[in-house]
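The values are calculated or read from the model by the stated rules, or taken from the named source; none is laboratory data. What you see is a predicted model; the values in this text were computed from it and never measured. Positions of Cβ are generated from backbone atoms using ideal geometry, with glycine treated the same way; all protein chains shown enter the neighbour counts.
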Amino acid sequence: MWPHFLLSHVGDYYANTEVSAMGKQFPDMQFVQVRSPAAIAAANARALILHAAHKLRLLNSNLKILQPLFNLQCISYLPDSYLRDIDPDVIFAHSHIPRLGHECSTPLVAVEYFASERYMKMAGVLHCLPREIQAKRRATEYAHVILTTTPASKARFDHYLPEASDRVLQVPIYMPYLEPVTDDYTMQKAQDDKNLQVLFVGGAARRKGLPQVLEAFRLLKKPVMDRLKLTVVSNFLDGPVPGIEKVAEVLSNIEASHMAELMRRAHIFVFPTQFDTYGRVIVEAMAGGCAIISSNTDPQDWILGYGMAGIAINPASPEEIADGLTLLTQDRNIRMNYALSAIRRFREVFYHCVVGMQYRNAFETAIKAGAVR
């Protein structure tokens, strides 16, 4: 169950509709939108303000000011009378976690995430950590199962909220739209050594590492540079990036199908994000059969299997990015092996049929736990 969103392109909408697509994987599961007026008001207030902040380019430069918006999920918006009318087997809540109280007998599965201290420090909100811990405690107090996306986030739950540790499960983001390319396609793509497509994707280009990528390209030797074509996809949410005018192809506001084609076409995906809570585009690049260069920081290092499925670099170092680009350009076998390893890890860890089963198990666990309480 999730609220009805007035905007169909905000992050909260995507997160919930992706999980609701699990009904295709499991026909016996039905996801129902919450139509309570209080639910719609609370959910859309947060989503609309955050959307406006993105549009006005405030979110990345004023995260300290906007941090309280991320805790609006603690607002109660599911009355007991509403739940009695719908009578769901389980409540699923992503970002908008209701305060149900002890009187509610419906089991709750809540998705929450603890950002790393490094992320909070670089975002300028490390001082908010005590408040963040309290917000997570209140938001998940009555959850029978708490889902979090990365092992490091689960470890932070264990550290900051030890009383909840036995209810926390680590499950990757469910991405039902992603299908991996075949190994044969990836090996065939690797044979093209003359014109290598390099792809960068990031809405907030500066925070996602585009300045470091452009500096890395300036460091490349001419024989390497001549074989690479860089494509940048960004809406530049955190401002312009000097040197972007020299990039061969710059795209904005593209359709999902176009993005998928770019991923399939790219030989190398470079994403030295300076700080991030996940890295969906890395997973998309894995499915597309790209050789990947990304950050050696949490959680990107985990997504890449700690270097097994891509080159993990210091995101602040253009020199390391340039070295990675040079290696992947000059050695076809290394480039192909990284791409094949990325597809293998995608199939084993991030493929929707794998993640969907983990979600189903979480729902069943919550129902059993609710019967015991």
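Confirm whether Gln170 is in contact (Cβ under 8 Å) with a residue 12 or more places away in the chain, polar (S, T, N, Q), touching a helix residue (DSSP H, G or I) at 6+ places or on another chain (Cβ under 9 Å) and within 22 Å of Arg335 (Cβ to Cβ). Before you say what the answer is, go through the steps one by one.
Details: in contact (Cβ under 8 Å) with a residue 12 or more places away in the chain: yes; polar (S, T, N, Q): yes; touching a helix residue (DSSP H, G or I) at 6+ places or on another chain (Cβ under 9 Å): yes; within 22 Å of Arg335 (Cβ to Cβ): no.
In short, no.
Would you be able to tell me the number of residues in region 330-344 that are closer than 7 Å to Ala309 by Cα and surrounded by fewer than 22 Cβ atoms within 10 Å (Cβ to Cβ)?
Within region 330-344, residues that are closer than 7 Å to Ala309 by Cα and surrounded by fewer than 22 Cβ atoms within 10 Å (Cβ to Cβ) number 1.
Among the residues of region 326-373, write down those that are over 24 Å from the mean Cα position of the chain (by Cα) and of a type in the set (Ser, Thr, Tyr).
Thr326, Thr329, Thr365
Modelled with pLDDT of 95 or more and not acidic (Asp, Glu): does that describe Phe271?
Values: modelled with pLDDT of 95 or more: yes; not acidic (Asp, Glu): yes.
Criteria met by Phe271.
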